[in-house]
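One structure is given here, and the rest of the page talks about it.
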Amino acid sequence: MNNEKVNYLIDIIKDMDIENKLRLAICMCDNYSHTNLEYNKTEMYKYFDNLLKEINIEYRTTTVNFANYAYIMFAISKVIEMNSIEQNRVALYLFNSINYKIKNCKSIDTKEQMF
């Protein structure tokens with residue numbers, strides 16, 4: 001049963017684009033998120049916040065209400081229902097998938113700039 005919840009949420013994360021993954025990571029690392037992550041939440045929040053500011057101009061220039069993103073709110077509600085071990089499994093997958101996407105995007109960007 002426990003793995004079903006984690007796998008279900010990982011499947012949801014797999015379908016997200018990089019901006020929504022960053023929004024979810026920001027929500028999970030927020031001080032008011034009620035998650036029990038074993039990561040430095042403030043450091044991770046700053047990291048994901050800066051990445052989203054680089055990608056999304058709207059996020060950089062205005063105050064964004066995450067309640068407008070129902071998909072993100074649904075995912076974060078599923079995370080909050082989990083125990084701390086399950087939350088950390090989901091967070092590990094989410095953080096690794098973001099880093100993988102960012103590294104691939106940056107390597108593509110530098111290759112394009114070289115030619």
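Karplus couplings for segment 60-65 from phi (6.51 cos²θ - 1.76 cosθ + 1.60, θ = phi - 60°), rounded to Hz, Gly and Pro as x?
Once θ is set to phi - 60°, the couplings for segment 60-65 become 5, 9, 10, 7, 9, 8 Hz.
Mean shadow of segment 25-69, computed from the convex hull of its alpha carbons, in nm²?
If you wrap the Cα atoms of segment 25-69 in a convex hull and average its projections, you get 3.3 nm².
Considering only lysines 8 or more places apart in sequence, or on different chains, count the pairs in segment 1-80 whose C-alpha atoms sit under 17 Å apart.
Count of close lysine pairs: 7.
If Lys and Arg each add +1 and Asp and Glu each add -1, what is the summed charge of the other residues whose beta carbon sits under 10 Å from the beta carbon of PHE66?
That works out to 0.
Quick check of the Kirkwood formula: for segment 5-115, what is the inverse mean of 1/r over all pairs of different Cα atoms, in Å?
It works out to 14.5 Å.
Please report the net charge: other residues with Cβ closer than 14 Å to the Cβ of ASP17, K and R +1, D and E -1.
Neighbourhood net charge equals +2.
Every number in this text was worked out from the coordinates using simple rules, so none of it is lab data. None of the values given here were measured: they were computed from a predicted structure. All Cβ positions, even for glycine, are placed from backbone atoms using ideal geometry, and neighbour counts span all protein chains on display.
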